[in-house]
Amino acid sequence: MLRKGVTESFGAAVATLSSAQLTDTVIHRSKRMILDTLGVGLLGTRTSVFNKTLMYSQLFHSKERSCVWGKSDVTLPPLFAAFVNGIAVHSMDFDDTWHPATHPSGAVLPALLALAEMLPIRPSGLDLLLAFNVGIEVQGRLLRFSEEAYNIPKRFHPPTVVGVMGSAASSSKLLGLSPAQCSHALAIAASSAGAPLANTTTQTKPLHAGNAARRGLEAAQLASMGVKGNPAILDLPSGFGVYYTDYSPTPMTGSGGFRWILEDQDVAIKSIPAHLAMHWVVDAALAARAKLERSVGNFDLDSIKHVTLRVPPSRYIDCPAPTTEHQARHSFQFNACSALLDNKVTVASFGEEQIKRLALKELLSKVTVETPEDNQPSFDQMYCEVVIETKQGLWSTNKCDTFYGHWRKPLTQEDLVEKFRANASTALCLEGVDGLIDVIGNMEAAAECSPLTSYLTMARSPCELLYMTTL
């Protein structure tokens with residue numbers, strides 16, 4: 001029997017994986033990912049970048065329409081619904097992160113929900129879970145073809161490379177494409193992959209998730225119409241291998257011996273809307289502040305002489321004087337100082353007024369960043385250490401190697417639901433929030449996924465929104 005090529009094996013696995021192969025662990029973890037993704041996406045509909053791209057997307061028209069999350073009166077062509085909802089998910093860098101590094105859910109879920117609305121027969125909850133996990137699995141497999149992928153990225157933003165492939169795979173699964181068509185969808189998607197890290201501290205970064213969702217869905221639709229790409233796109237150094245200098249692909253089997261990566265590798269679910277590495281430095285800063293407060297009886301910001309941050313090497317998350325929210329979300333210095341100043345970091349911490357505070361700027365001027373040789377630039381091995389030196393000669397130090405929310409220390413279900421409620425309630429009425437929690441909690445038993453759309457569009461009334469903005 002001839003051995004299948006890598007691309008052919010992926011196409012076959014995408015087409016043949018069945019819901020019977022979903023384990024309890026994978027179903028549980030993926031439902032948590034879906035709930036969290038919808039929550040941060042709904043919160044993201046309040047951002048400037050979302051509103052600008054929504055205005056742009058409304059210029060396009062088609063007979064087929066899909067919902068915009070958190071909007072009761074706005075629909076878009078499915079490709080653009082996937083685009084803007086994906087942007088909303090990543091607009092605050094609040095979405096889940098995997099290892100090797102990528103944001104897996106934001107590239108997949110917006111495409112699937114937009115596609116589900118245009119299908120003549122609405123998929124079941126289990127169908128949606130299967131397609132979602134196929135998209136997550138493809139991303140995980142591709143990331144494991146390179147040792148480079150295990151470290152904090154240096155050249156490109158991973159969701160733009162593996163995310164579009166995951167979106168294509170999940171969309172192909174929901175469309176019921178043949179193995180050959182699934183392979184071609186991956187090949188088509190590969191030509192829409194990639195984005196430089198230089199844009200990660202700008203409003204363009206959220207577009208990375210939106211483009212991945214949109215272009216992956218588009219690739220699957222084109223493949224369904226007979227468009228073909230290179231049938232060995234995953235096999236070749238000149239194919240998907242262009243993104244990694246140490247690319248070493250292996251076939252994927254969807255039959256005997258198959259095991260989901262999500263079974264063994266959970267995701268990190270964030271508690272603050274910032275780059276994942278910021279969670280280590282915030283936890284360390286809060287603990288160092290608490291130690292100092294216990295030793296002196298209070299915390300006097302003016303008494304701080306110097307702050308040292310020991311972090312892994314990474315240029316794009318070393319921003320000593322951020323002036324925008326997107327720079328602040330990628331700044332070890334900003335996040336550590338915000339934690340020290342306010343004894344917390346929240347969604348509000350990244351507002352313009354907070355960033356411009358004189359007290360914050362003064363504290364930032366006292367920060368030095370060190371990159372110890374033993375601190376690996378890997379989300380699985382890194383640590384952050386915060387050292388506070390006071391004018392009175394006191395020292396307080398704390399080192400964090402696993403923050404709460406990391407895949408080694410996951411959020412409790414109670415805290416995950418609390419995060420979802422806080423985020424989703426900024427856009428939805430109470431019935432919509434509760435409805436989504438219930439539908440997702442029982443998704444594997446749902447005859448069809450239409451209720452998701454219904455609850456996602458139960459927007460708050462204008463009076464409720466006005467009340468929230470005045471709080």
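The values are calculated or read from the model by the stated rules, or taken from the named source; none is laboratory data. Values in this document were obtained by computation on a predicted structure and should not be read as measured data. Here the Cβ positions follow ideal geometry from the backbone for every residue, glycine too, while neighbour counts run over all protein chains shown. Heavy atoms of the whole protein, side chains included, go into the accessibility calculation; ligands, DNA and RNA do not. Shrake-Rupley method; radii C 1.70, N 1.55, O 1.52, S 1.80 Å.
Computing semi-axes √(5λ) of the Cα gyration tensor in Å directly from the structure and comparing it against [x] 50, 25, 18; [y] 38, 26, 19; [z] 31, 26, 24 singles out [y]. Could you please state how large a percent of the accessible area of the chain is carbon and sulfur, counting protein chains only and using a 1.4 Å probe? Answer for the chain: carbon and sulfur cover 53 percent of the accessible area. Applying the Karplus relation 6.51 cos²θ - 1.76 cosθ + 1.60 with θ = phi - 60° to the stretch 370-380 yields 3J(HN,Hα) values of 10, 10, x, 4, 7, 9, 6, x, 9, 5, 9 Hz, where x marks Gly and Pro. Of the Cα atoms belonging to the stretch 181-334, the radius of gyration and Dmax stand at 22.2, 71 Å.
Here, the stretch 364-456 has an Rg and a Dmax of 21.3, 66 Å when only alpha carbons are counted. In terms of packing, defined here as the mean over residues of other Cβ atoms within 10 angstrom, the peptides 166-172, 201-207 line up highest first as 166-172, 201-207.
Of all GluC sites (Glu not before Pro) in the stretch 351-388, which ones are in loop regions per DSSP and have a Cβ with at most 14 other Cβ atoms within 10 Å? Answer by residue number: E373.
Lysine pair count for the stretch 1-123 (Cα-Cα distance under 29 Å; residues 8 or more apart in sequence or on different chains): 4. The aspartates and glutamates within cross-link reach of K305, meaning a Cα-to-Cα straight distance under 18 Å and a gap of 8 or more places when in the same chain, are E293, D342, E362, E370, E385, E389.
When the square roots of the Cα gyration tensor eigenvalues are ordered a ≥ b ≥ c, the ratio a/c for the stretch 386-431 is 1.5 or more and a/b does not exceed b/c, which makes its shape oblate. Counting only Cα atoms, the stretch 278-374 measures 37, 37, 21 Å along its principal axes, largest extent leading.
Rounded to the nearest whole Å², what accessible area per residue is found for the chain with the 1.4 Å probe?
39
Sorting the Cα pairs of the stretch 291-438 by distance into bins of 10 Å, from 0 upward, gives 10, 32, 34, 19, 6, 0 percent per bin. Mean residue ellipticity at 222 nm, helices only, the chain: -14500 deg cm²/dmol; runs of at least 4 DSSP H residues each add -39,500 (n - 2.57), and the sum is divided by the number of residues. Computed from label points 7 Å out along Cα-Cβ, the spacing between K361 and R155 is 3.9 nm.
Computed from Cα atoms, the angle from the helix 48-57 axis to the main principal axis of the chain rounds to 20 degrees. For S66, the residues whose amide H sits under 5 Å from its own are L76, ignoring neighbours fewer than 5 places away on the same chain, with H placed 1.01 Å from N. Can you list which of the trypsin sites (Lys or Arg not before Pro) found in the stretch 355-391 are DSSP loop residues with at most 16 other C-beta atoms within 10 Å? Those satisfying the criteria are K356, R357, K366, K391.
Shape call for the stretch 8-110 from the C-alpha gyration tensor, a ≥ b ≥ c root eigenvalues: rounded (a/c under 1.5), prolate (a/b greater than b/c) or oblate? Since a/c reaches 1.5 and a/b is larger than b/c, the shape of the stretch 8-110 is classed as prolate.
Taken over the Cα atoms of the stretch 4-45, the convex hull encloses 109 Å³ per residue. For the chain, the longest principal axis of the alpha carbon atoms and the long axis of helix 277-296 meet at an angle near 30°. Annotation: peptides 242-250, 18-26, 226-234, 55-63, ranked by per-residue average of other Cβ atoms within 10 Å with the highest first, follow the order 226-234, 242-250, 18-26, 55-63.
For the chain, the longest principal axis of the C-alpha atoms and the axis of helix 179-190 are separated by about 40°. For K344, which lysines qualify as cross-link partners when the Cα separation must be under 20 Å and same-chain residues fewer than eight apart are set aside? Output for K344: K270, K291, K356, K361, K366, K399, K409, K419. Karplus-derived 3J(HN,Hα) values for the stretch 234-245, using 6.51 cos²θ - 1.76 cosθ + 1.60 with θ = phi - 60°, are 8, 8, 9, x, 8, x, 5, x, 5, 7, 9, 6 Hz; glycine and proline are entered as x. Could you tell me whether the stretch 196-240 comes out rounded, prolate or oblate from its Cα gyration tensor? Rule is a ≥ b ≥ c as square roots of the eigenvalues, rounded for a/c under 1.5, then prolate if a/b exceeds b/c, otherwise oblate. Judged from the Cα gyration tensor, the stretch 196-240 comes out oblate (a/c at least 1.5, b/c at or above a/b).
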